[in-house]
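The values are calculated or read from the model by the stated rules, or taken from the named source; none is laboratory data. Everything numeric here is computed off the predicted structure, so don't read it as measured data. With ideal geometry, Cβ positions are generated from the backbone for all residues, glycine too; neighbour counts draw on all protein chains shown. Heads up: the accessible areas ignore ligands, DNA and RNA and are worked out on the full protein's heavy atoms, side chains in. Shrake-Rupley method; radii C 1.70, N 1.55, O 1.52, S 1.80 Å.
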Amino acid sequence: MSRGLRFNVFRYNPEDGDSVPHSDTFFLDETQSMSLFIALTRIREDQDSSLQFDFCCRAGICGACAMMINGRPGLACHTLTKDLPNEITLLPLPTFKLIGDLSVDSGTWFRSTHEKLESWIHTDKIFNPQAEEERMDNALAEDIYELERCIECGCCTAGCGTVNMREDFMGAVALNRIARFMLDPRDERSEREYFEVVGTDEGIFGCMGLTGCEDVCPKHLPLQKQLGVLRRKMAWSAVKHWFRFR
Amino acid sequence: METVYTDLLCIGAGLAGERVAIQVASAGFQAICLSIVPPRRSHSAAAQGGMQAALGNCVMGKGDSADIHFEDTVRGSDWGCDQAVARLFVERAPEAVREMAFWGIPWNRVVAGKSTYFMGGKQYDKVEDRQKEGLITARAFGGIAQWRTCYTADGTGHTLLYTVDNKLVELGVTVHDRTEAVSLIHDGETCIGAVARCLKTGGLRAYLARATLIATGGYGRIYRETTNALINDGGGAIIALDTGIIPLGNPEAIQFHPTGIVPTNILVTEGCRGDGGTLLDVNEERFMLEYEPEKAELASRDVVSRWMIHHIRRGLGVKSSYGDHLWLDIRHLGPQHIKTKLREVEAICNNFLGVDPVTKLIPVRPAQHYTMAGVRTNKDGAVYGLAGLFAAGEAACWDLHGFNRLGGNSLAETVVAGKMVGEKIAEFLQGHEVHFSTAVIRDRVARDREKIDRVISGKDGHENVYDIRNAMQDELMERVGIFRNGTELQQAVDNLQGLYERAKKVGLRSNGVGANPELALAIRIRGMVKLAICTAYAALHRTESRGCHAREDFEARNDRDWLSRTLATWKEGDHLPTLNYEPATKVEELPPGLRGYGASKIIGGN
């Protein structure tokens, strides 16, 4: 006998003058291996075709479907209903602009973050199509990949106490991204240049160490360790800089 | 009505679209990318295993060259590809991999000294050259003579897409995300942009451009069981076909990947088999050796998929409530390898199946994966039929892949073709001026707006859009799948035509206000059914078997009559596409012959 599931889903369509924020309730019979992707798709196709949510890869790799699942940020596509109680409450991620219902505008937020961080390899070299590639130790390549694995779903941002209080805090996703470039010898930025980007209260010194980011990261990235390393490096950079100018 | 002007309009911001935009922006032109999702969520990110380029750094790829890559690609395509394109591609792939390294990809590198690897479940030793230490390494894939697939663990598409998007941000190229093109603006000769719908507000915008690019990826979502993302519903192919002028190349050429997991059809990479994983049947015995003694699990995808279905039909599949399947076994690769080189596979199996691949078998079955079919272009990426329109990547039929794409050649195509087509567009823009006819623009926008209004108001009927989509997906799955025959294909064409009539009568159940998801599908559904009909109809008419197109009633590859490419156009008001044919290749560097795997019935050419 399958369980009956009750879904409480946040509803609001800002484009519709008649819409007011509220919660709608939907009921579904649980099926084997049911994920929130399957459940929400079924609700949209059978019960309310106006329901907005974002699924893309439905395989846990694109980061589109992050939402608040019973109070905790997570990827809806790889959340199975069997791991949840009968009553499931779904809200859009906080800290991002709402598009409608469970859909938020993460694209604009991330683009502006990439611009702020200058999240690309900074180098004075010019690519030579004829030349052999520069060598790299495989272990270093794997270390960079470890940080490069972030899928920018926004869970860590939504789960961050500081971001929820202060819109200008970059959050773990941005700091992890910078840590990735600091690790990469191809990026010729100096410690001082990185400091200009993240050595502030909006950056690494705004982190209160609540570890919410790492707790909710669906890719299990070592965010706290990265933030720790970054904090020490940036603090040390600040000290060196301070002595230089005395 | 908001109108945006730019030099290049890129419809699609996955790897191919962004790579083109970068090339054009680097040449000093303005480019704007449209994307239905934030660009980093594009399906390019889902490519796992790697990209092919003949670097020859690793010991198992020693002596590799563009020539060998070329031959593998042509054989893989079952002589369906354009050999001039394949030649251009293989020559420039190594440079593309290195450029990506320069931009920041953490490619896995050669580690000198002794190490072990698996092939067909057995362990072997290899010794990597000290001279090559730290250069970009490669892994094995299906249908290749040398280890040639460059990779970053099993997240190659992810690292490529993020790196290319970083470059795009560096160059300041604008991306309008959550924007879906709904039609091309053209006067029958020249394309001057597109009408697009904002998926945040529901509003329409006109984009006027001196050059327009279609890079919207594949359209696996016309099938029920596909590895593709939900967004792969053929937007670019639809608006091209809707012109009535532009042909789709080889719409019957649809690839099934051997290892979609059961039941969700999520892909686990070919790298699993490349790294030594095996396929097992209900008795937990290897079966591919029986069919393909030489290549076994590493024959091309079309061949492996066919043998898997054949084996299941022999009653040797594993029964499950989701139908019969087979097993993929990577247990012998060990936890160290799986947790570093195949970590996405590990996560997918644990998250979606509750199966730990380190200790358990993975349930797999072939699922639709790739459309070799696409908007037909010449070797410069210029689309047949309209000046100023280009296409690249999976959306295009360039035609590198013919009737079967090799694993690792699609990621490579996105960045190699992206760069080359970008160069050609930059050249084109140098001398190309267009006249924007306000009448043409106004007419196009008015027709799109009317179509949307009719769907919202239910003026044409109240057909349920989801019912039609589901019926279309079932039809293709049941009758236009891995094995095909004339009777079933004719039935599919007939049934799909019925669905096409119903698709014209779709009416919304919701109010259609704002970013309404039902409306987005309703706008697209007619076009999706047209793509489905093109697939079935072209398959019906190709009375031979070639690559992925396997006819039970015409089992031989027929080089005498069918060394050709289908070109399908759809004239306004018609109920079926018009099929024309052109030679598969004008240049014949490698004459048709045996592939070295798969069945070998061939009706000779001249």
(message) Can you confirm whether A:Met1 is at pLDDT below 95 and either more than 27 Å from B:Gly202 (Cβ to Cβ) or away from every other protein chain (no Cβ under 13 Å) (or both)?
(response) yes
(request) Among the numbered conditions (1) over 16 Å from B:Thr269 (Cβ atoms); (2) outside any loop (DSSP other than H, G, I, E, B); (3) without any contact (Cβ under 8 Å) to a residue 24 or more places away in the chain, tell me where B:Ile338 comes up short. (result) (1)
(request) Please work out if B:Tyr597 is within 17 Å of B:His401 (Cβ to Cβ) and under 25 Å from the mean Cα position of the chain (by Cα). (result) yes
(message) Step by step: first the residues of the range B:207-230, then only those that are buried (at least 24 other Cβ atoms within 10 Å of the Cβ) and hydrophobic (A, V, I, L, M, F, W, C), then the one that is nearest to B:Val445 (Cα to Cα). Which residue is that?
(response) B:Ala209
(request) Collect the residues in the range B:362-376 that are open to solvent by less than 20 Å² (accessible area, probe 1.4 Å) and either touching a helix residue (DSSP H, G or I) at 6+ places or on another chain (Cβ under 8 Å) or part of a strand (DSSP E or B) (or both), keeping them in residue-number order. (result) B:Ile362, B:Pro363, B:Val364, B:Pro366, B:Ala367, B:Gln368, B:Tyr370, B:Thr371, B:Ala373, B:Gly374, B:Val375, B:Arg376
(request) Just name the residue that is farthest from A:Asp187 (Cα to Cα) out of those in the range A:141-167 that are free of Cβ contacts under 8 Å to residues at least 24 places away in the same chain and surrounded by fewer than 21 Cβ atoms within 10 Å (Cβ to Cβ). (result) A:Met165
(request) Tell me which of these A:Arg111 doesn't satisfy, since it passes every other one: (1) more than 28 Å from B:Val345 (Cα to Cα); (2) open to solvent by 20 Å² or more (accessible area, probe 1.4 Å); (3) touching a residue at least 40 places away in the same chain (Cβ under 8 Å); (4) in a helix (DSSP H, G or I). (result) (3)
(request) Could you please let me know if B:Ala532 is touching an Asp or Glu at 6+ places or on another chain (Cβ under 8 Å), over 25 Å from B:Val506 (Cα atoms) and either in contact (Cβ under 8 Å) with a residue 40 or more places away in the chain or not in a helix (DSSP H, G or I) (or both)? (result) no
(message) Regarding the range B:32-40, can at least one residue be identified that is of a type in the set (Gly, Ala, Ser) and more than 14 Å from chain A (Cβ to nearest Cβ)?
(response) no
(message) For B:Asp443, only one of the following conditions fails: (1) among the charged types (D, E, K, R); (2) open to solvent by less than 10 Å² (accessible area, probe 1.4 Å); (3) in a helix (DSSP H, G or I). What is its number?
(response) (2)
(message) Checking the conditions here, which among A:Ile88, A:Ile61, A:Ile126, A:Ile38 is more than 7 Å from chain B (Cβ to nearest Cβ) and either assigned to a helix (DSSP H, G or I) or within 16 Å of the chain's Cα centre (by Cα) (or both)?
(response) A:Ile38
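This table checks each residue for (1) of a type outside the set (A, V, I, L, M); (2) more than 25 Å from B:Ser305 (Cα to Cα).
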{"site": "B:Ile22", "(1), (2)": "no, yes"}
{"site": "B:Ala46", "(1), (2)": "no, no"}
{"site": "B:Gly50", "(1), (2)": "yes, no"}
{"site": "B:Met60", "(1), (2)": "no, yes"}
{"site": "B:Gly63", "(1), (2)": "yes, yes"}
{"site": "B:Ser115", "(1), (2)": "yes, yes"}
{"site": "B:Gly120", "(1), (2)": "yes, no"}
(message) Given the options A:Glu202, A:Glu196, name the one that is in contact (Cβ under 8 Å) with a residue 12 or more places away in the chain, away from every other protein chain (no Cβ under 14 Å) and open to solvent by 20 Å² or more (accessible area, probe 1.4 Å).
(response) A:Glu202
(message) Please return the ranges of strands (runs of 3 or more DSSP E) entirely within the range B:113-188 where 1 or more residues are open to solvent by 10 Å² or more (accessible area, probe 1.4 Å) and in contact with a Pro (Cβ under 9 Å, 6 or more places away or on another chain).
(response) B:174-177
(request) Evaluate the following for B:Arg565: is it among the charged types (D, E, K, R) and outside any strand (DSSP E or B)? (result) no
(request) Could you give me the residue pairs with C-beta distances under 7 Å whose first residue belongs to the range B:550-575 and is closer than 17 Å to B:Gly605 by Cβ, whose second residue is modelled with pLDDT of 95 or more and surrounded by fewer than 12 Cβ atoms within 10 Å (Cβ to Cβ) wherever it lies, and which are 6+ apart or on separate chains? (result) B:Leu563/B:Pro583; B:Ser564/B:Pro583
(request) Might you check whether a residue that is basic (Lys, Arg) and either within 29 Å of A:Tyr145 (Cα to Cα) or in contact with a His (Cβ under 6 Å, 6 or more places away or on another chain) (or both) occurs anywhere in the range B:372-379? (result) no
(request) Mind counting the residues in the range B:485-494 that are open to solvent by less than 50 Å² (accessible area, probe 1.4 Å) and either free of Cβ contacts under 8 Å to residues at least 60 places away in the same chain or among the polar types (S, T, N, Q) (or both)? (result) 3
(request) Report, by residue number, each residue of the range B:253-294 that is part of a helix (DSSP H, G or I) and either basic (Lys, Arg) or without any contact (Cβ under 8 Å) to a residue 12 or more places away in the chain (or both). (result) B:Arg273, B:Glu290
